[in-house]
Amino acid sequence: MLEVMGLGKTYGEGERATRAIADVSFKVDEGEFVCVVGPSGCGKTTLLRCMSGLLQPSAGRVLLDGRQIDGPPEQVGFVFQEYSRSLLPWMSVRENIALPLRHKRLTKNERARHVEEAVGSVGLTGFIDHYPWELSGGMQQRVAIARALAYQPEILLMDEPFASVDAQTRADLEDLVLRVRTAYGVTVLFVTHDIDEAVYLGDRVIVLTSAPTQVHEILEVDLPEPRDQVETKELPEFTHMRAHIFRAIKRRQPAETAT
Amino acid sequence: MRNPLRRVLLILLEVAVPAAVVAAWWVWSANADSFYFPPLAEILRTFADTWVFERVGNDVVPSLVRLGAGFAIAVAVSIPLGTVLGLSTVVRRVSEPIIEFVRAIPPPALLPFAILVLGVGDTMKIFIIAVVCLWPVLLNTIDGVRGVDHTMLETARVYRVRGLERLRRVVWPAALPQIFAGMRTSLSLALILMVISEMVASTRGIGYFVLQSQRSFDIPEMWTGILLLGLLGYLLNAGFALVERRVLRWHRGARASALQ
């Protein structure tokens, strides 16, 4: 469904050029939940931006359903890490979620239904007419997720969406994403620097090297569904996989240049 | 500010200090016996005789119409223009030297030219007010449009919000706090230029009235004009602040929550 072929990205030109991504290739199949982990500063966000059409890759191609991406496609929803800046403070929750739907061919009733369903699925029904700044950080990120869902994307790209919420909220949001993914039948590509999160959420985990980035390893996660914050994380398979990825990332990253 | 007693005290002070100043003026001017500073009681009596409501149609209304028209034209021109300049680096680069130069000309210096070309009527006065009000709104619009948060613009791109929709729902609201700041500055300038333009060439208007009273040694009348102008400026600002509070309610809320 989504295919990354020999993708490379270099910032700047000449001697000052920095190679963020060297050569990355992988596939995401329909309905899959794929997590991308790598050491900090390894170009995960750059990769995701190239995949969403926000950024033009320097080399290689990104194909969505066999067609090359050269701008944000309609089938892609995006959840930013900076929820407070991605939601528009002059719009209520309802208006924020409805904004991307305005140019879709929908009747007024359909649009309202999409918005209300999405708000319901993230558990914010009572807050639909609040403003984002009246909500907590975790709730704001729920609004951003609802906005992406109401857009009815085939694939949802998430850029470290839970990096700036507290641990408890984070666990809740992880389970929320797993639930809505099933409910909406959406394919998810989830970028994170948190190894536990990647293993807990993913059907597959793509481990990246530090910059210039390459794919280090692609792992199938063979943990029972549905995942559970306590039981899944207790399993020896979970611990084993987590340790495996941890070593892979640490070994590849020289200690003195840890950024 | 959380302490209610302290708040009540502050409000009392806010009322009490101006009242004390007026009282002091009253007492001092009552015995001053100065031709230039007539007793406040006399000024107020003249104020009632002059402005309630005899000269309102003749002087106040024309003045306010000029001010309103000039201000409205300035806003209507500078928001679209500022948007274009803010969005396009090329256009901005090309026009920046011209803008900086024209802006540096002291507005009253344009009066002789304006009288020459537009005559001494309302058109000239509205033109002068509009030219002066243009700059604060224009520069603030440019800045506001340029400064829209990067993540917001990327959000608009990802969700394919484009064209006029992008302007109306994303760019303009984001720039609005700054545009309003420019408009507030412009409003004060509008009042100043209204008075100046009416003093130079006019047969009606509050500025004309003040100058005319001075020339015919009607000193209390002159003072009533000055008081009226102060009052108008105060009310205009208060009215504007009221509109701003309503329109930018989200801005105050968002800022307050960001500071927590």
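Values quoted throughout were computed directly from the atomic coordinates according to the rules given, and no laboratory measurement underlies them. None of these values were measured; they are calculated from a predicted model. Cβ: placed from backbone, ideal geometry, glycine included. Neighbour counts: every protein chain shown.
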Label-point gap, in nm, between residue A:56 and residue A:13 - each point 7 angstrom along Cα→Cβ: 1.2
Hull volume in cubic angstrom per residue (convex hull over the Cα atoms of chain B): 171
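For B:143-156, what's the mean count of beta carbons from other chains sitting within 10 Å of each residue's beta carbon? Provide the component values of the computation, followed by the final result.
Values: counts 0, 0, 0, 0, 0, 0, 6, 2, 8, 7, 0, 10, 13, 5.
Neighbouring Cβ atoms belonging to other protein chains average 4 per residue here.
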Radius 9 Å from Cβ of residue A:4, net charge of other residues (Lys, Arg +1; Asp, Glu -1): +1
Two-site label geometry, residue B:214 and residue B:27: point separation in nm, points 7 Å out along Cα→Cβ: 3.1
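Would you mind counting up the charge near residue B:178? Only other residues with Cβ under 14 Å from its Cβ, with Lys and Arg at +1 and Asp and Glu at -1. Write out the running numbers ahead of the final one.
Values: positive: B:146, B:184, B:255; negative: B:143, B:149, B:244.
Summing Lys/Arg as +1 and Asp/Glu as -1 gives 0.
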Shielding score for B:244-254, defined as the mean number of other chain Cβ atoms within 10 Å: 3
Sequence ranges A:144-153, A:167-176, ranked by mean other-Cβ count within 10 angstrom, highest first: A:144-153, A:167-176
Amide hydrogen neighbours beyond the local backbone of residue A:78, cut-off 5 Å, H modeled: A:157
From the C-alpha gyration tensor of the protein assembly as shown, square roots of 5λ in Å: 63, 27, 20
For B:191, A:55, B:235, order by how many other beta-carbon atoms lie within 10 Å, fewest first: B:235, A:55, B:191
Segment residue A:103-residue A:40, length gained on full extension (0.36 nm per residue, minus Cα span): 19.0 nm
Aspartates and glutamates with Cα under 19 Å of residue A:250, excluding same-chain neighbours fewer than 8 positions away: A:194, A:196, A:197, A:217
At least 27 Å along the helix axis (C-alpha) and Kyte average at least 1.0, DSSP helices within chain B: B:4-32, B:61-87, B:122-146, B:172-200, B:219-247
Computed [θ] at 222 nm, helices only, for the protein assembly as shown once each DSSP H run of length n ≥ 4 contributes -39500 (n - 2.57): -19000 deg cm²/dmol
For the range B:17-92, alpha-carbon Rg and Dmax in angstrom: 22.5, 66
Using a Förster distance of 45 Å, the FRET efficiency for residue B:58-residue B:150 (Cβ separation, nearest 0.05): 0.25
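What does the charge add up to near residue B:41, with Lys and Arg as +1, Asp and Glu as -1, over the other residues with Cβ less than 14 Å from its Cβ?
Numbers: positive: B:45; negative: B:33, B:42, B:49.
With Lys, Arg at +1 and Asp, Glu at -1, the net is -2.
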Calculated FRET efficiency for the pair residue B:164/residue B:37, C-beta based, R₀ 56 Å, to 0.05: 0.45
Candidate lysines for bridging to residue A:27, where Cα separation is under 21 Å - those fewer than 8 sequence places away on the same chain excluded: A:9, A:44
Average beta-carbon neighbours from other chains, 10 Å sphere, peptide A:80-92: 6
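Within 10 Å of each residue's Cβ, count the other Cβ atoms and sort A:10, B:89 from fewest upward.
Working: A:10 15, B:89 10.
Fewest-to-most ranking of A:10, B:89: B:89, A:10.
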